[in-house]
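Please treat every number below as a calculation from the coordinates, not as lab data. Only a predicted model underlies this, so the values are computations on that prediction, with no experimental measurement involved. Note that we place each Cβ from the backbone using ideal geometry, even for glycine, and neighbour counts take in every protein chain shown.
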Amino acid sequence: MALSKEVYKEFEDVVGEENICDDPAIMPSYYNTEFAAVMLPGNTAEVQALVRLCNKHKLKFRPICTGWSGMFPKGIILMDLRRMNHIIEINEKNMYAVVEPYVISSELQAELMKRGLNFCIKGAGTTCSAMLRGHGHMDQTTSGDDRNHLAIEWVTPEGEIVRTGALGSSDEWFSGDGPGPSLRSILTSAVPPGVTPGVFTKAALKLYHWPGPAKFPVVGHSPKYVLSEIPPNMMARYFSFPSVEKMWQAELKLGEAEICYELMGFNAAMVAANITTCNEEDEKMFNRLNKEVQGPGFFVIIAGNSAEDFTYKKKVLEKIVSDAGGKSLKTVEDPEIEGILMCQCIRISASIRETFRPGGAFNSIPIMGQRDLTIKWAIGAGKAKEPLIKKGYIVDDGGAFFGWGVEQGHLGKTEIFCKFDPRNAEAKAAVEGWQKEQTARAFKEHYFASTMGPQDEIGPALSNYHLWWRKLVRAIDPNGVSPEGGSLV
Amino acid sequence: MGLEQYKGDMEMCCRCSACKFIPMQKVNGSQFSYACPSISRYNFHSYSGGGRVNIGAAMLKNGFNYTDKLLHIVYNCQMDGACGVSCNYAMDMEVLQPIQEFRIKCVQDGHTHPALDKVIAGLRKTGAMVPAQGKRGDWAAGLDLKDATKEKVDVLYHVGCLTSYDKDYQKLARATAKILQKAGVDFGIAGNTETCCGGRAYQMGYEADFLNQAKKNMAMVKKSGAKTLVTGCADGYQAFKVLYDKYDLKGSLKVLHISEYIDKLIRDGTLKPRKKVNLSVTYHDPCRLGRLGESWVHWTGKKVPGDKFVFDPPKEYRRGTKGVYEPPRDVLRSIPGVKLTEMTRIKEYSWCCGAGGGVNDSNPDFNLWTAKKRIEEAISTGAEAIVTACPWCEKNFNEAIKESGSGLKVYDIVELVEKAL
Ligand SMILES: Cc1cc2nc3c(=O)[nH]c(=O)nc-3n(C[C@H](O)[C@H](O)[C@H](O)COP(=O)(O)OP(=O)(O)OC[C@H]3O[C@@H](n4cnc5c(N)ncnc54)[C@H](O)[C@@H]3O)c2cc1C
Ligand code: SF4
Ligand code: SF4
């Protein structure tokens, strides 16, 4: 649905001629969706003015940060927040950073590491917006999801600017819940589809201590970067275990001991993808690692605050792993591989190798909950992948799952992928079937899979949250201009 | 086959945005993290490497709709390949090649840019990409150089259009000739007979003009008997070494950039930079000497049916790994008194000077904008001078510095070597 010349002009007056476009030539680059127009606001005031115009003309809109995971209806206005790319503040004393939407995680993390700080980065990778919530490799230390959002500046679907938490009563960003309004349940919308109406224009993110170097000593040329040395008091290892039960025993104990900077439940296929520079190499490495592992496993990074602290953590790690019959993977002990895996799993920079490189697409089912139980569900989902692997529809990753705990505890995320070539229609259909079936099984077995379908089906099982959510959305978005996005964020 | 041959690659794009930034491990903060001048300046996703291949894939499928906006996108790209390097850290797919083919298709379909048409008209008339005032070989007056079109030489020095004709940059040709003379190299030039390498025409999308130039050049090289060709210009280097090879025109000719050649002469003791040049410098990798200077990989094969984007025989991607990065740095390090400090964006993920893809002609403002960003980065190192190895970069930096009023100095590497001899 094209905008009339007059309406287009009103929007153009807000962002300037250079920052609005409805030319059909650009649409294929924006999800192949015919948007009414794409706009590039440069600050909160412009976002507000655009939202108000959307209300005036009853036009639907959605914002994007880097736009990796967008699925949007046709005819809406797309607000690409790319020009809002400033780190507003890094408050070392109170340990928070305030960012605009298009600050990517890599940029913020590099600034933080120089200051001995770090933050939660989504497993998607450091190319994504730092601002949006999610779970990632460092959840053990940096927690995940809405735990890391402090005060937020939010343009409501009607175009009000709301400042939440401490920001509601002061100039400070240190808390998301007060003194001032806490809108946590709306702003994070921790229920499917997991998308906040309106636009976050600035958010404060919680920061954590970083014991590692100010900068990783990365040398070599892309795509084969390596570390010139393993940073002092740091170590990375992959351990495999004789059984899932033994692995879980070790994971729980390590959590209790609070010694791991990162504990990432990679499977062998993900390690192989991470450390190789192309698909062919990946396949060979996977076969090699598959022979080396004795069973399921996880990847661990230890980071000491001093030599003594490091020695202590290493000792505890060795004891716990050996009590559980764990074995360190020799391949990862090679300092070249150890170094780059360590860097990539802190700087979260190889997720694309794990997901899109082999076939061009992947489907996944992430489920949150108690790790030992969700792992049991995932083993079933892995078995269900076997026929697809046999038929050559999906990449052979041994049917394995992956996941990690949050805050050194027993709760966490477990996920399972199918990687495939989306141009192969049969493969695509088979993967979609697998996803539907396994998600339904998760629901039946009382697990929460965020790919679960219609809210009307799962709402009744969750205190009818969907009815309350819709009432809330109607109240804050009376003109219905802020439709749901298609993403889990 | 043109764009069609990259259909599979274009469809692989996962829209991750890696192509907008330098490789993630190299991001060092909120400054100097962007890799692609085009998306950095114009902001719509369509201007990024990913956006371009998305458009290419969609238009191959649904037909080509040449709107003004599409042509603005097409001609505001330096064709510098930074997108491809960042993408290829993780993905196995071509990025710059489909972008290049898209541009070639625009030209073939008659959707050209008037400023570029003018440049190409000049090329067809004078054999040069710059206004041809005077004679091409005038710069060599008094140097007593061999004419490679008449005498056999070991090494043919291909000077390039800008260095030959632009009075401000002829000093680079003279410096190069003096260095080679001092080293006692048996070299010659083609003088007035020299003609454009065609590389810039190719970047602009004029494939037929490029091929025409390539054939003329290779005929001349054959006649000279030279086994080695040395260029002082990164565009010329890429044209002779990579593009001619891509089109099977290079034969066994050995192509070296002057920085590689000087490095070799220093290493084997033929050249000894002895005089002190007290200067703190930072080095700018020209795109076509660095990541795009990587040799062409001849490959034909088919996708293996099944779950993965793999080929039989396996395809080796040119990911920028094997560009010319160390020789110019080694040359700088060998000059007494020169202190080299690196910028954030270097080697395979270097930021373009702005002039690539004909942007200096099609959009001088964007060209200068891009150059100014580089100057800011150079200044941030604290260096007194930015050194490069291509006259187009040097010219651009000089203009950016003039506009921004900075005191940074600009040198080509041969100028510093000449001072040190
Ligand atoms: C390969 C891959 C792996 C992933 N792994 C993980 C993982 O391990 N953990 C995890 O948590 N997530 C994961 N994800 C999902 C991931 O969190 C998101 O893809 C990521 O946050 C996207 O960031 P973005 O900047 O591209 O967001 P966008 O794609 O720009 O936006 C995502 C959604 O948020 C909305 N939105 C964007 N900006 C705003 C704003 N300013 N205000 C309000 N709403 C906004 C958009 O409308 C859209 O619906 C993964 C995704 C991919 C593709
Ligand atoms: S071109 Fe490559 S880096 Fe860019 S969005 Fe596509 S897949 Fe990602
Ligand atoms: S070639 Fe250069 S300017 Fe063009 S899209 Fe790629 S990085 Fe950007």
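Miscellaneous remarks
- Its residue count N sets the reference 2.2 N^0.38 Å, and the alpha-carbon radius of gyration of region A:5-83 equals 0.99 times that reference.
- Mean separation of Cα contacts under 8 Å, 6 or more apart, over the residue count of region B:1-69: relative contact order %: 36
- Of the cross-linked pairs B:LYS150/B:LYS215; A:LYS319/A:LYS444; B:LYS150/B:LYS254; A:LYS202/A:LYS471; B:LYS105/B:LYS125; B:LYS216/B:LYS302, those separated by over 28 Å at the C-alpha level are A:LYS319/A:LYS444; B:LYS216/B:LYS302.
- Estimated vicinal HN-Hα couplings, Hz - region B:333-339 in sequence order (Karplus 6.51, -1.76, 1.60; Gly, Pro = x): 5, 7, 8, x, x, 7, 10
- Of B:LYS69/B:LYS347; B:LYS167/B:LYS402; B:LYS272/B:LYS419, pairs whose Cα-Cα distance is over 22 Å: B:LYS69/B:LYS347
- Region A:243-266 and region A:163-187 have Cα centres separated by 35 Å.
- Within region A:5-83, percent of DSSP bridges classed antiparallel, to nearest 5: 20
- Three-way shape label, chain A, alpha-carbon gyration tensor, a/c 1.5: prolate
- Overall, the anisotropy analysis places the protein assembly as shown in the prolate class: the square-rooted eigenvalues a ≥ b ≥ c of its C-alpha gyration tensor yield a/c not less than 1.5, with a/b exceeding b/c.
- Cα gyration tensor, region B:310-367 - rounded (a/c under 1.5), prolate or oblate: oblate
- Rounded Å value of the spacing that divides the Cα centres of region B:163-188 and region B:223-299: 15
- With helices as the sole contributors, chain B gives -12000 deg cm²/dmol at 222 nm; each DSSP H run of n ≥ 4 counts as -39500 (n - 2.57), and the sum is divided by every residue.
- Cα long-axis angle, helix B:114-126 against chain B (0 to 90 degrees, to the nearest 10): 40
- Mean sequence separation of contacting Cα pairs (under 8 Å, at least six apart), scaled by the length of region B:254-400, corresponds to a relative contact order of 31 percent.
- Using alpha-carbon coordinates, inclination of helix A:307-323 to the longest axis of chain A, degrees: 70
- Hz values of 3J(HN,Hα) by residue in region B:389-405 - Karplus curve (6.51, -1.76, 1.60), Gly and Pro given as x: 9, 7, x, 5, 5, 4, 4, 4, 5, 4, 5, 5, 5, 4, 5, 8, x
- Mean Cα-pair separation over length for region A:63-113, i.e. relative contact order, pairs under 8 Å, 6 or more apart, %: 31
- Per-residue mean of foreign Cβ neighbours for B:292-298 is 0 (Cβ atoms of other chains, 10 Å radius).
- Residue mean of other protein chain beta carbons inside 10 Å, A:348-359: 5
- Taking Cα atoms only, the orientation of helix A:425-444 departs from the longest principal axis of chain A by about 90 degrees.
- When the helices of chain A are scored as -39500 (n - 2.57) per DSSP H run of n ≥ 4 and the total is divided over every residue, the value at 222 nm lands at -10000 deg cm²/dmol.
- Top of B:VAL130, B:VAL27, B:VAL410 by mean-square fluctuation, Gaussian network on chain B, Cα under 10 Å: B:VAL27
- Signed unit charges on C-beta, dipole axis of chain B, positive-most listed residue B:GLY29, B:MET91, B:TYR244: B:TYR244
- Residue-count net charge about A:MET84 - beta-carbon cut-off 12 Å; Lys, Arg +1, Asp, Glu -1: -1
- Choice from B:ARG374, B:ARG41, B:ARG345 with maximal GNM fluctuation in chain B (Cα, 10 Å cutoff): B:ARG41
- Charge dipole (Cα centre; +1 on Lys/Arg Cβ, -1 on Asp/Glu Cβ; no other charges) of region A:87-209 amounts to roughly 300 debye.
- DSSP beta bridges in the protein assembly as shown [antiparallel fraction, %, rounded to 5]: 65
- 10 Å Cβ neighbours from other chains, averaged over peptide B:302-312: 6
- Listed residues B:PRO313, B:PRO37, B:PRO23, most fluctuating in chain B (Gaussian network, C-alpha, under 10 Å): B:PRO313
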